[in-house]
Amino acid sequence: MLRKNLTVTLGICATLWLGGCSDETTAPAPPPEIQTATAETAALAAQVRQSAAAAGLTPLQRPAPVRRELNVLGRALAFDKELSGNRDISCMTCHLAKLATTDGHSVAIGQGATGLGPTRVHPDGKFIHRNAPPLFNLHAMSTLTWDGRVFKNPQGVIRSPGANLLPSQRAVLECGTVSALPMFPVLSRNEMRADAGNELAAIGDDQPQKIWRFLMRRLGAIPEYRTLFEAAYPGQSFDNMSFAHAGNAMGCWITSVFGFTNSPWDRFLAGSDDALTDAQLRGAQAFLGVGKCAQCHNGPLFSDGKFHNVAVPQVGPGFGDGPDGHDDFGRMRQTGNLGQKYAFRTPPLRNVELTPPYGHDGAIVSLRSWVDHYSQSTTKLQAYDPGQLEPLLRGTLQPTTAGILATRDSRLRTLTLTPEVVDDITEFLKALTDPAARDLSAVVPAVVPSGLPVDNIP
Ligand code: HEC
Ligand code: HEC
């Protein structure tokens with residue numbers, strides 16, 4: 001590797017003469033076998049760059065800057081349990097800094113529970129419907145949630161069927177779909193609002209505007225929030241603001257602190273051949289070729305923003321679908337289209353190494369096993385072992401193998417990958433990790449305006 005770097009340096013010096021290189025140009029030439037290996041690597045790198053461009057795996061732009069006061073407000077709200085009915089859970093309880101903005105569970109655990117991350121448990125053993133996805137790079141993602149129910153339509157209007165926003169609320173949103181998303185977890189009884197015990201829980205599920213009004217009343221009772229809101233939106237009075245102002249602040253804060261654009265893959269795209277190891281380079285080639293991965297995982301975030309069924313078993317409490325309500329029909333829930341039964345949004349893959357378990361329900365707990373499940377997926381689905389799940393979820397596997405295979409994406413029908421290719425692709429996925437995403441502790445505030453405890457794993 002050292003010799004190879006030297007050769008690369010020499011190449012650069014030969015074409016772009018720089019004063020500091022002159023000593024190295026007199027170094028002895030590397031032996032022929034290393035020269036050949038380097039030439040092969042360079043050829044493969046060039047080929048991978050070309051296929052990446054053709055597949056639309058383009059570089060990721062940095063998020064637009066957010067004004068400081070809006071970030072201060074957004075961070076306070078995202079960590080404040082004041083937003084939950086019984087003041088016992090915040091957004092960041094499920095999107096923990098320590099766990100790369102996820103919670104480490106296959107499916108998340110909502111309000112009414114205690115503990116954080118792996119030790120979090122609900123007294124009734126309850127979970128919520130899906131896996132908590134990470135919050136990375138959402139400035140570049142306009143279709144949110146696993147079934148895409150908060151999205152931007154072709155006219156650029158943000159839509160959220162079920163609890164529609166008023167035009168005056170849409171007008172507040174500055175950072176795209178992610179500015180609207182934070183308005184929804186607060187409505188959900190399982191996630192944040194609770195069934196009883198507080199004034200938000202007493203409001204009917206069909207009155208989202210009233211829930212948001214009551215939340216603003218709560219926040220307005222804390223003088224520091226009035227100050228923070230008015231600083232974040234200069235010239236406006238707190239009393240004329242709606243919960244869209246809160247959602248927007250959280251969404252903008254998410255884009256500004258969780259944008260990560262400096263992975264080995266980014267350095268590779270920018271021209272540095274040795275940013276990737278040899279295995280990662282082979283993995284990239286397979287990702288773009290035999291693995292068919294880039295047919296769905298493309299664009300700067302490795303997601304086409306579309307919906308596919310990739311043969312994932314259903315575990316956890318489900319989303320109210322099927323005979324016992326424990327199934328989750330995915331995209332079909334939104335469109336009614338039977339062909340989209342069990343289809344979920346292609347998730348972005350940057351920093352994916354840091355966010356197990358995987359899939360909409362976290363059914364597969366390791367990254368290599370996830371990659372491997374694409375190979376001979378019929379057999380893998382039939383032989384799925386719920387023993388990999390945490391004990392409380394092991395009995396929840398739905399008997400839906402035949403139904404899942406009926407709408408599985410046809411590209412997977414005959415896909416077979418050798419163990420070596422699975423290894424290489426897994427290595428390649430690790431090249432999508434920005435080292436800065438490994439330690440997010442700097443985003444966690446010491447205190448929040450309500451004075452309630454801040455959930456954080458040190
Ligand atoms: C109980 C755990 C929990 C809490 C609390 C929670 N979330 Fe989430 N979050 C989830 C789950 C689960 C999903 C996926 C939902 C789905 O697909 O139906 C999600 C989805 C998201 C997404 C979309 C990500 C994507 O890639 O589509 C964002 C953004 C987000 N949450 C931010 C927030 C904010 C902001 C709050 C607080 C207002 C919050 N979350 C509260 C569990 C939680
Ligand atoms: C037909 C489109 C399609 C193809 C081909 C495809 N994926 Fe996926 N991928 C998806 C969808 C959709 C999901 C989410 C599925 C679910 O949750 O039910 C997913 C999930 C993932 C995840 C889990 C991410 C997370 O955050 O949970 C990884 C990792 C992944 N894919 C990698 C790959 C690799 C590697 C390949 C090639 C071997 C590949 N994918 C091929 C569509 C595709």
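The values are calculated or read from the model by the stated rules, or taken from the named source; none is laboratory data. Predicted model, so just to flag it, every value in this text is computed and none were measured. Note that we place each Cβ from the backbone using ideal geometry, even for glycine, and neighbour counts take in every protein chain shown. Please note that ligands, DNA and RNA were not included when accessible areas were found on the heavy atoms of the full protein model with its side chains. Shrake-Rupley method; radii C 1.70, N 1.55, O 1.52, S 1.80 Å.
What the table below lists for this structure:
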item: Cα gyration tensor, the chain - rounded (a/c under 1.5), prolate or oblate; result: oblate
item: Net charge of Cβ neighbours under 14 Å - reference Ile254; Lys, Arg +1; Asp, Glu -1; result: 0
item: Cα gyration tensor shape of the range 356-458, rounded if a/c is under 1.5, else prolate or oblate by comparing a/b with b/c; result: oblate
item: Cα long-axis angle, helix 32-55 against the chain (0 to 90 degrees, to the nearest 10); result: 40
item: Positive minus negative residues near Leu228 (Lys, Arg vs Asp, Glu; Cβ under 15 Å); result: -1
item: Solvent-accessible area, 1.4 Å probe, carbon plus sulfur percent, for the range 25-135; result: 59
item: In order through the range 383-394: 3J(HN,Hα) via Karplus (6.51 cos²θ - 1.76 cosθ + 1.60), integer Hz, x for Gly, Pro; result: 9, 3, 10, x, x, 6, 7, 5, x, 5, 9, 4
item: Under-5 Å amide H pairs with Lys152, H placed in peptide plane, nonlocal only; result: Arg159
item: Between the range 126-180 and the range 267-314, the alpha-carbon center distance in angstrom; result: 25
item: Angle in degrees between helix 208-220 and the longest Cα principal axis of the chain, rounded to the nearest 10; result: 90
item: Acute angle (nearest 10 degrees) that the helix 243-257 long axis makes with the longest principal axis of the chain, alpha-carbon atoms; result: 20
item: Highest average packing first - 203-209, 397-403, 250-256, Cβ atoms within 10 Å; result: 250-256, 397-403, 203-209
item: Local electrostatic count, Ala201, Cβ distance below 10 Å [Lys/Arg +1, Asp/Glu -1]; result: 0
item: Karplus (6.51, -1.76, 1.60) ³J(HN,Hα), θ = phi - 60°, over the range 86-99, in Hz, Gly and Pro reported as x; result: 9, 6, 10, 8, 10, 3, 7, 5, 9, 10, 5, 4, 4, 10
item: 26 Å Cα-Cα threshold exceeded, pairs from Lys98/Lys341; Lys306/Lys380; Lys81/Lys210; Lys292/Lys430; Lys98/Lys210; result: Lys98/Lys341; Lys98/Lys210
item: Interchain or long-range residues, amide H under 5 Å from Gly330's placed H; result: Tyr342
